[in-house]
Amino acid sequence: VLFHPCPRFCCAFVPCVTSIVQWARRSGRRRSPAGRANNGIGCVVRDGRQSRSEMKILHSSPRCIAAWICLVRAASTTFAAPSSRFAISGLTTDSAEKHCLACIDKLRGGDPYESNPNYQHSPTLGDVDKDGYYRGQASYQTPLRSNQRPPPLTQLISAYFAEIRNFSPTLYNGTVASLLLFLVWQLPSRHVSQTLRDHFVCSHYNVIGRKRFHALVTSAFSHASFHHLAVNVYAFLTFGRSVKHTLERHGISLWAFVISAALFGNSAFLAFDRGRNGSCIGLSGVTLALLAFDSLVYPSKELRLFVAFFPIVMPAYYLFLGLLCFSFAGIFGFAGRSSVAHSTHLGGLVYGALFFEAFKRGWLRLWSYRLRKAFGVR
């Protein structure tokens, strides 16, 4: 009886035992000196002694009587035959248990607890599949199974370019323009090649001799080889993301930085290549300007790069100083003879440093505000 798991029986048994214990304590303290008197709780006292029959059943407080009734009723249900066990008022076992829980709720004086619909339940054993993975409401990618395949490569490439376009139209347009121009350069057409040399190559002949000043910008998106294209586009996307976050917080557009860096880098090439009849193409000046600005804003950022297939990790500021010294050495002929436009690289690094100084002193925000106000742009 004591260890019966039925909540209804336990709720009836506990107050009954509690009332009996309280009655026994009070009756032990309250003993009337008179021969026959009432001790105040319904039990009769005769000469300081009480009869055992009266101690058993004559306790007449309403709380104790109610507890005894509940105890007898629960015991009659508990010790019934197995076929009729938990058959309370014709209910089944599950409904009887629910009925007992409802009785507990009534005794506690409150309604049953209601579940919060906004609460995310923790996983249980029933939520675990046969393979051991939890399949809850959370949407995350599960490990690939034998019958699953990765998406097509074209879908991945289109999703990547869509992400770049949403993040920064400047980075997207610069990357797509570089890729398309590289493909056009591969066409075996003399007319197409001549058009590209006239309008997409920075040289004294085109810019100064033929007054094709647009070549200062368009030549930045032309590339001679696939390796040249891959390195420049990778650096353009890597440092362009970081610089965009920095400039965007101060209301400065990334496209203005890219266009001005291309103009400054190619102008530096024309200034140092005077009388040599050379030409310059590529995003190197823009990417090095982005690298210089980002390394001065975050000088302790660790950059990982490969030099002759050896991985090197160094702070961004030291990489900026190393490239600056290498560009100076290349201009004066100390870096060997090569087809690298060291003057364009130096121009990009210097422009990034100057842009950082103007950014740090607040001049860029002032100039941007005045330009927007002059042209009526908000």
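The values are calculated or read from the model by the stated rules, or taken from the named source; none is laboratory data. Computed from a predicted structure; not experimentally measured. Neighbour counts are summed over all protein chains in view; Cβ atoms, including those assigned to glycine, are modelled from backbone coordinates with ideal geometry. Calculation scope for accessible area: heavy atoms of the full protein, side chains included, ligands and nucleic acids excluded. Shrake-Rupley method; radii C 1.70, N 1.55, O 1.52, S 1.80 Å.
Tabulated values for the structure
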quantity	calculated
Scope the stretch 264-295; condition within 44 Å of the chain's Cα centre (by Cα) and part of a loop (DSSP other than H, G, I, E, B); matching residues	I281, G282, L283
G352 being in contact (Cβ under 8 Å) with a residue 40 or more places away in the chain, under 34 Å from the mean Cα position of the chain (by Cα) and farther than 20 Å from A224 by Cβ	yes
Residue check for Y140: at pLDDT below 95 and not in a helix (DSSP H, G or I)	yes
Tabulated pairs, the stretch 294-313, first within 17 Å of F236 (Cα to Cα), second in a strand (DSSP E or B), C-beta under 6 angstrom, 6+ apart or interchain	R304/V313; L305/I312
Only one of S203, S178, S219, S242 that is open to solvent by less than 50 Å² (accessible area, probe 1.4 Å), touching a His at 6+ places or on another chain (Cβ under 8 Å), touching a residue at least 24 places away in the same chain (Cβ under 8 Å) and among the small types (G, A, S)	S178
Enumeration of residues in the stretch 328-349 that are in a loop (DSSP other than H, G, I, E, B) and either of a type outside the set (V, I, T) or more than 30 Å from S225 (Cα to Cα) (or both)	F332, G333, F334, A335, G336, R337, S338, S339, A341
Residues located in the stretch 206-215, provided they are in contact (Cβ under 8 Å) with a residue 12 or more places away in the chain and either outside any helix (DSSP H, G or I) or in contact with a strand residue (DSSP E or B) (Cβ under 6 Å, 6 or more places away or on another chain) (or both)	R210, R212, H214, A215
Test for P299: is it farther than 22 Å from L171 by Cβ, surrounded by 12 or more Cβ atoms within 10 Å (Cβ to Cβ) and in contact with a strand residue (DSSP E or B) (Cβ under 8 Å, 6 or more places away or on another chain)	yes
Candidate set: the stretch 143-166, residues that are assigned to a loop (DSSP other than H, G, I, E, B) and in contact with a helix residue (DSSP H, G or I) (Cβ under 9 Å, 6 or more places away or on another chain); chosen: the one modelled with the lowest pLDDT	P150
Output for the stretch 245-255, where each listed residue is in a helix (DSSP H, G or I) and either of a type in the set (K, R) or open to solvent by less than 30 Å² (accessible area, probe 1.4 Å) (or both)	T246, L247, L254
Candidates D273, D294 - the one that is touching a Cys at 6+ places or on another chain (Cβ under 8 Å), more than 26 Å from L187 (Cβ to Cβ) and open to solvent by less than 50 Å² (accessible area, probe 1.4 Å)	D273
Criterion: open to solvent by 40 Å² or more (accessible area, probe 1.4 Å) and part of a helix (DSSP H, G or I) - qualifying residue of L196, L183	L183
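Yes/no per residue for (1) open to solvent by 70 Å² or more (accessible area, probe 1.4 Å); (2) over 36 Å from the mean Cα position of the chain (by Cα); (3) in contact (Cβ under 8 Å) with a residue 60 or more places away in the chain:
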| position | (1), (2), (3) |
| --- | --- |
| S338 | yes, yes, no |
| A341 | no, yes, yes |
| H345 | no, yes, yes |
| G348 | no, no, yes |
| F356 | no, no, yes |
| R361 | yes, no, no |
| L364 | no, no, yes |
| R370 | yes, yes, no |
| A374 | yes, yes, no |
